[in-house]
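I have placed the structure first, in the form of structure tokens, so that the comments after it can refer back to it.
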Number of protein chains: 2
Amino acid sequence: MLVRAVFFDIDNTLYDSATLSKMARRNSVLAMIDSGLDLPVEKVLADLGQIIEEHGSNYHWHYDELLKLYGRCDAKIIAAGVVSYEHTKNAYLKPLPGVVPTLIALKKHYRIGAISNGLTLKQWEKLVGLRLHHFFDSVVTSEECSCEKPAPEIYLTALKSLDIKPDEAVMVGDKYDVDIIGAQNIGMHGVWLKKDAPKNSNEINRFSDLIEVLKGLK
Amino acid sequence: MLVRAVFFDIDNTLYDSATLSKMARRNSVLAMIDSGLDLPVEKVLADLGQIIEEHGSNYHWHYDELLKLYGRCDAKIIAAGVVSYEHTKNAYLKPLPGVVPTLIALKKHYRIGAISNGLTLKQWEKLVGLRLHHFFDSVVTSEECSCEKPAPEIYLTALKSLDIKPDEAVMVGDKYDVDIIGAQNIGMHGVWLKKDAPKNSNEINRFSDLIEVLKGLK
């Protein structure tokens, strides 16, 4: 079957969300300390990390919980953390090298979609912030499917949204057990974007190598 | 009595919130249209304005309500509006000319406070975004006082927070009936920051003229 659609994971595939989170957390902690939170950086970072792990990354009151842990409630400190997180996030929300030219090239031949574990509005906000939203014909999230990758339903919903059969579609993502296994389970092709050197024909470590891999699938 | 403290309104006094709102709304509407909302700019702007008036500016679902009005529910369009609003807000959240040097000069002689109708965290986030938060010894909001300017309680709470008597304090703001009348009602000095030329000794149209006015009060 001819490949007609390419689906992408978002976080750590289209942009470096790991570095974004790490830098935004660190800068927010530095800003809170600068605004009167008299504690060591590494301790506050560890406590914040635990709160985010506990409540999930889409919880709205991480900084309130953090200050509560220290027996404090200071809007100045919370505001310093929130604003620094947002500013740092905006600074790091950039497409990974190769993403934009590759999407431009792919757009000529394929429908483009995203399949992402996350909240629908938040994931669209990331695509808008990345200035990639116009490339995407479909974005399907775990929120709207009520199930997360690697569950088959989320992939099937994405395929249905573009009227594509599994073997006409490729899934590109950084998490083998989530993105690739999930896609292959329902008969989609999988291309694993990994940090170390690729060993198989469906592995890449540079986003732009995707174009060559897709040629091989035809 | 010697003046010992200067209190400021925040919106339209420390920064141009009117222009910020206007530009952020317009850019958000342009971004939504760019992302598929096929309606005239001025119509969408008018509808958005009405929704904000109805729900207040601190409501979180303005864009959801707007799309609902058009019988739509599209996370791509909402995300485009939200992100454009936030980016534009950050671009316009700058201290008005004269604010920073004047605060630096005043800080040598006076305690500095803010008295603002708004939500505590939101107002602190503005001060942090303006990079003015370190100047302020006290920020008192209508949220924490459960009453808005010109009610006496909010001014009395602010004075108490710095242990200052009314006639030792000056209130600076752009709204005569709110900021100035309210302050004078409890015996504080009032300096009206107005757009047109000042006619009285307690009126200024440039922020930096505050220093001369305060000298006259000593």
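Taking one equal scatterer on every alpha-carbon of chain B, how large is log10 of I(q)/I(0) by Debye at q = 0.16 1/Å?
-1.02
Enter the accessible area per residue of chain A (Å², integer; probe 1.4 Å; all protein chains in place).
So chain A comes to 48 Å² accessible per residue, rounded to a whole number.
In debye, nearest 20, what is the charge dipole magnitude of the protein assembly as shown about its Cα centre with +1 on Lys and Arg Cβ and -1 on Asp and Glu Cβ, if you could check?
Charge dipole, the protein assembly as shown, about its Cα centre: 1240 debye, nearest 20.
Could you rank B:103, B:156 by how accessible they are, 1.4 Å probe, largest area first?
Correct descending sequence by accessible area is B:156, B:103.
Among the trypsin sites (Lys or Arg not before Pro) in segment A:24-102, which ones are in a DSSP loop with at most 15 other Cβ atoms within 10 Å of the Cβ? Mind listing them?
Listed in order of number, the matching sites are A:72.
Select from B:28, B:14, B:213 the residue farthest towards the positive end of the dipole of chain B; place +1 on Cβ of Lys and Arg, -1 on Cβ of Asp and Glu, and compute about the Cα centre.
Selected residue: B:213.
Provide the three semi-axes, in whole Å and in decreasing order, of the ellipsoid equivalent to the protein assembly as shown as defined by the square roots of 5 times the Cα gyration tensor eigenvalues.
Taking √(5λ) for each Cα gyration eigenvalue gives 51, 24, 18 Å.
Using a basic spin-label model with each label point 7 Å from the Cα along Cα→Cβ, how many nm lie between residue A:61 and residue B:160?
2.5
Per-residue ellipticity at 222 nm for chain B, helices alone: DSSP H runs ≥ 4 residues times -39500 (n - 2.57), over residue total, nearest 500 deg cm²/dmol?
-14500 deg cm²/dmol
Using a 1.4 Å probe on the protein heavy atoms only, what accessible surface does residue B:60 show? Give it in Å² to the nearest 10.
Approximately 140 Å² for this residue.
Would you work out the charge dipole size for chain A about its Cα centre, treating the Cβ of every Lys and Arg as +1 and the Cβ of every Asp and Glu as -1, and quote it to the nearest 20 debye?
760
What total accessible surface area, summed over both chains, is buried at the interface between chains A and B, computed with a 1.4 Å probe and given in Å² to the nearest 100?
Buried: approximately 1800 Å² between B and A.
Rounding to the nearest 20 debye, state how big the charge dipole of segment B:40-150 is about its Cα centre with +1 on each Lys and Arg Cβ and -1 on each Asp and Glu Cβ.
Dipole of segment B:40-150, to the nearest 20 debye: 620 debye.
Just the number, please: carbon plus sulfur as a percent of the accessible area of segment A:1-124, 1.4 Å probe, no ligands or DNA/RNA counted.
The C+S portion of the solvent-accessible surface of segment A:1-124 is 56 percent.
Which of A:22/A:94; A:76/B:215; A:149/A:194; A:126/A:165; A:76/B:122; A:175/A:195 have a Cα-Cα distance over 20 Å?
A:76/B:215; A:126/A:165
I need the P(r) histogram for segment A:143-218: all alpha carbon pairs, bin width 5 Å from 0 out to the longest distance, whole percents.
It works out to 3, 17, 26, 23, 18, 9, 3, in whole percents.
Carbon and sulfur: what percent of segment A:140-218's accessible surface (1.4 Å probe)?
Carbon and sulfur: 49 percent of the exposed surface of segment A:140-218.
To the nearest whole percent, what portion of all C-alpha pairs in segment B:4-128 is separated by more than 22 angstrom?
Here the long-distance tail beyond 22 Å is 43 percent of all Cα pairs in segment B:4-128.
Which residues, if any, in segment A:82-108 lose at least 50 square angstrom of accessible heavy-atom surface (probe 1.4 Å) when the other protein chains sit next to their chain rather than the chain being alone?
SASA drop of 50 Å² or more in segment A:82-108: A:83, A:87.
Just to be sure I follow the definition: excluding the sites themselves, where is the longest run in chain B that has none of the chymotrypsin sites (Phe, Trp or Tyr not before Pro) in a DSSP loop with at most 15 other Cβ atoms within 10 Å?
So the longest stretch without any such site is B:71-218.
Note every residue of segment A:60-76 with a reduction of at least 30 square angstrom in accessible area, all protein chains present versus the isolated chain, computed with a 1.4 Å probe, or write none.
Listed in order, they are A:75, A:76.
Please identify the DSSP H helices in chain B that span no less than 15 Å along the helix axis (Cα) and have a mean Kyte-Doolittle hydropathy of 0.0 or more.
Passing helices, by number: B:17-34, B:41-55, B:75-92.
Multiply the residue separation of residue B:74 and residue B:195 by 0.36 nm, subtract the distance between their alpha-carbon atoms, and state the gained length in nm to one decimal.
Gain on extension, residue B:74 to residue B:195, equals 39.4 nm.
Mind giving me the FRET efficiency for residue A:47 and residue A:215? R0 is 51 Å, r the Cβ-Cβ distance, nearest 0.05 is fine.
The calculated FRET efficiency here is 0.55.
Go through A:155, A:134, A:123 and say which Cα lies farthest out towards the positive end of the charge dipole of segment A:105-165; charges sit on Cβ, +1 for Lys and Arg, -1 for Asp and Glu.
After comparing all options, I get A:134.
For segment A:61-172, just say rounded, prolate or oblate: build the C-alpha gyration tensor, square-root its eigenvalues into a ≥ b ≥ c, call rounded for a/c under 1.5, and beyond that prolate if a/b exceeds b/c, oblate if not.
Since a/c reaches 1.5 but b/c is at least a/b, the shape of segment A:61-172 is classed as oblate.
The values are calculated or read from the model by the stated rules, or taken from the named source; none is laboratory data. All figures in this text were calculated on a predicted structure; none of them were measured in a lab. Ideal geometry is used to build each Cβ from the backbone, glycine not excepted, and the neighbour counts take in all protein chains shown. Heads up: the accessible areas ignore ligands, DNA and RNA and are worked out on the full protein's heavy atoms, side chains in. Shrake-Rupley method; radii C 1.70, N 1.55, O 1.52, S 1.80 Å.
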